[in-house]
Amino acid sequence: MTRTVAKRAARTAFVASLVGAALALWPSGARAGGMEYPDNGVEALGRGAAFAAKADDGTAMMHNVSGFARQRGWRLTLGASTAFHSAAFQRAGSYPDDPKDPLTPWGGERFPVVRSTGRPLPIPHLVLSGDFGLERLTVAAGVYAPSVITGRVFPLAVQGRPSPARYDAVQAGGLIMYPTVAAAYRLTDWLDVGLGASLVVAKLEATSISSADLAPAICKNQEYQPCDTRQKVETEGSTAAFTLGAMLHPAPWLAIGAQLRTAHTLETEGTVTATAPPVQPGNIEPGKAFITQSLPWVARGGIRYIGLSGTRQVWDLEVDATYEAWGSALGEGTQVYIPKLSTFKDIRSTIRLNFHDTMSVRGGGSYRFGALGGDLTLRGGAFYDAAATDDKDTRLTFDTSAKTGVTAGVGLAVGPVRVDLAVAQIFHETREVKGGTVRPINGALGGTNVSSGGQPYEPVNNGVYAASTFVLAVGLGVQIDALFAKKKPPPPAPAAKPRPARDEDDEDEGDDDEPESP
């Protein structure tokens, strides 16, 4: 009887560990200063993501919807960007295990460097716009994904030893798409306005490691690997967001643009599954999980100076700024609800990542000239993206350090077709964390950060964080009506004038005439 009760208690403690830990790494959306880099769109990226006051291709859907007002005819914009990202973490300290324990021979050794092992994935966008022959109105429809840094996957083991980052990050990912419709109207010769509506579709997943610290005699320290449990959460859902933009043209050489995207709440539903720890093997039935995540309002604006040659735009310079209200969005935290998981019912939890508002400054421009049988445009720019968390809240799940980037791009337009290429090198601030706040979770004590012996767990995010990102983007733009317009046939050649007729008498007398000169 006692042994049965002990087994039930052990199983209960393990399941309890899922309450807080299964969702501790939940991917709470892409963000500047976190998982997202500035910015989507090939032309925009090439000019330092300064595009709010230009927005003259399909990516106006993201940067400033009012930019569609001056895009006449039917147009198609297609592109994708890929971020080649590297991340490394050198944790401070050494393994707290006993090297004499045959299950933990690495005890006392310094923690090895942990590196991301994920693969980059292209982030696409596709937009079709048209004016339906109307003089001032343009409508658009398309789909895009946030410019997320993908491939942040961290191993469970490094050099045959448990990963020193496993209680912080293993894997967080999924997909967020924004199917969007938009319309823009040219109110006056100097003012354009636009409105967009997006269906935010998300399919998200996260894998995490926690501790089922059953008793001091079983789990010998806060990181004793035989007590590790693995959890995976997969959910999906949708919500709606809206954007409002405006573009001013007070002079032919000046443009001012601004856009606001509304805050929105993403509710997803799915399952949580788990693997039992080696000290208490067994099967755990999956449970349902509901996640509620607030996403912030985002404001961006820019001012653009245009260099003209007559009426032709030859070069331009633009400076933009963006503001993302992550502090207010995550003020209540991410809400988690699990109706039932094993013997537990009506589980509710709040996950706080301590994000704060972020600010980004972007600058860039372009120069256009005739070459290669068309218009060749060279672009360049730079940006600074403020940090999304304080040093003490740094973790591998989200790269929240400050970022500085330099970009370059080129575009070639031949007739109605334009091809674009852009690259960006992003330098992430290196952080050394000494007073970390991320600690392992112990389910045996209700998901707290305290061991079964009553000792507070030590932070696991102290150490040095380093990362860098290289972005490659390619795109295609087509003016559809111009591409398929029928060519006008050449004007007919003028008819040859008929020679004057001669009568028979003239012909008879022709023999007496002198021959014509050759």
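A few remarks follow.
- Pick from segment 367-400, criterion among the charged types (D, E, K, R) and either touching a His at 6+ places or on another chain (Cβ under 7 Å) or under 30 Å from V438 (Cα atoms) (or both), ranking: modelled with the lowest pLDDT: D399
- Residue among L295, L308, L317 that alone is in contact (Cβ under 8 Å) with a residue 12 or more places away in the chain and crowded, with 18+ Cβ neighbours inside 10 Å: L295
- Annotation note: Cβ proximity below 7 Å between a residue of segment 369-381 that is over 17 Å from S309 (Cβ atoms) and a residue that is acidic (D, E) and exposed (fewer than 11 other Cβ atoms within 10 Å of the Cβ) (sequence gap 6+ or interchain) occurs for no pair.
Residue-by-condition table, conditions (1) surrounded by fewer than 19 Cβ atoms within 10 Å (Cβ to Cβ); (2) modelled with pLDDT of 95 or more; (3) over 30 Å from G46 (Cβ atoms):
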position	(1), (2), (3)
A413	yes, yes, no
V417	yes, yes, no
G435	yes, no, yes
G446	yes, no, yes
E458	yes, no, yes
V474	yes, yes, no
Q479	no, yes, no
K486	yes, no, yes
P490	yes, no, yes
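- Of residues in segment 221-262 being more than 18 Å from the chain's Cα centre (by Cα) and among the basic types (K, R), the one nearest to I306 (Cα to Cα): K232
- Every pair of residues 6+ apart whose Cβ atoms lie under 7 Å, when the first sits in segment 242-254 and is on the phi < 0 side of the Ramachandran plot and touching a residue at least 60 places away in the same chain (Cβ under 8 Å) while the second is aromatic (F, W, Y) and not in a strand (DSSP E or B): H249/W190; P250/W190
- Qualifying residue in segment 309-320 (condition: assigned to a strand (DSSP E or B) and either within 30 Å of V464 (Cβ to Cβ) or modelled with pLDDT under 90 (or both)): no
- Flag for G454 being under 28 Å from C219 (Cα atoms), without any contact (Cβ under 8 Å) to a residue 12 or more places away in the chain and loosely packed, with under 15 Cβ neighbours inside 10 Å: yes
Results for (1) touching a helix residue (DSSP H, G or I) at 6+ places or on another chain (Cβ under 8 Å); (2) at pLDDT 85 or above; (3) of a type outside the set (V, I, T), shown as yes or no for each residue.
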position	(1), (2), (3)
R161	no, yes, yes
V170	no, no, no
I176	no, yes, no
A184	yes, yes, yes
V201	no, yes, no
A206	no, no, yes
K220	no, yes, yes
Y224	no, yes, yes
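- Restricting segment 122-147 to residues that are among the hydroxyl-bearing types (S, T, Y) and closer than 18 Å to T82 by Cα leaves a set whose member that is modelled with the lowest pLDDT is S147.
- Subset tally (residues that are closer than 16 Å to Q335 by Cβ and among the β-branched types (V, I, T)) for segment 263-297: 5
- Residue within segment 266-277 that is over 22 Å from V170 (Cα atoms), touching a His at 6+ places or on another chain (Cβ under 9 Å) and either part of a strand (DSSP E or B) or polar (S, T, N, Q) (or both) present: no
- Residue in segment 177-198 that is acidic (D, E), surrounded by 16 or more Cβ atoms within 10 Å (Cβ to Cβ) and either in contact (Cβ under 8 Å) with a residue 24 or more places away in the chain or within 30 Å of T243 (Cβ to Cβ) (or both) present: yes
- Enumerated strands (runs of 3 or more DSSP E) restricted to segment 170-263, each holding at least 3 residues that are of a type in the set (S, T, N, Q) and in contact with a strand residue (DSSP E or B) (Cβ under 6 Å, 6 or more places away or on another chain): 191-211, 228-251
- Restricting segment 350-392 to residues that are in contact with a helix residue (DSSP H, G or I) (Cβ under 8 Å, 6 or more places away or on another chain) and not in a strand (DSSP E or B), the residue that is nearest to A402 (Cα to Cα): A388
- The lone exception for E234 - which of (1) over 26 Å from P155 (Cβ atoms); (2) touching a Leu at 6+ places or on another chain (Cβ under 9 Å) it fails: (1)
- Residue within segment 497-506 that is modelled with pLDDT of 60 or more and of a type in the set (A, V, I, L, M) present: no
- Residue within segment 384-401 that is crowded, with 18+ Cβ neighbours inside 10 Å and closer than 19 Å to L421 by Cβ present: no
- Residue check for G411: over 28 Å from V170 (Cβ atoms), among the small types (G, A, S), touching a Gly at 6+ places or on another chain (Cβ under 6 Å) and in a strand (DSSP E or B): no
- In segment 460-472, of all residues being among the hydroxyl-bearing types (S, T, Y) and surrounded by 18 or more Cβ atoms within 10 Å (Cβ to Cβ), the one that is farthest from S401 (Cα to Cα) corresponds to T469.
The values are calculated or read from the model by the stated rules, or taken from the named source; none is laboratory data. Note that the structure is predicted; figures quoted are calculated from it, not measured. All Cβ positions, glycine included, derive from the backbone under ideal geometry; neighbour counts span all protein chains shown.
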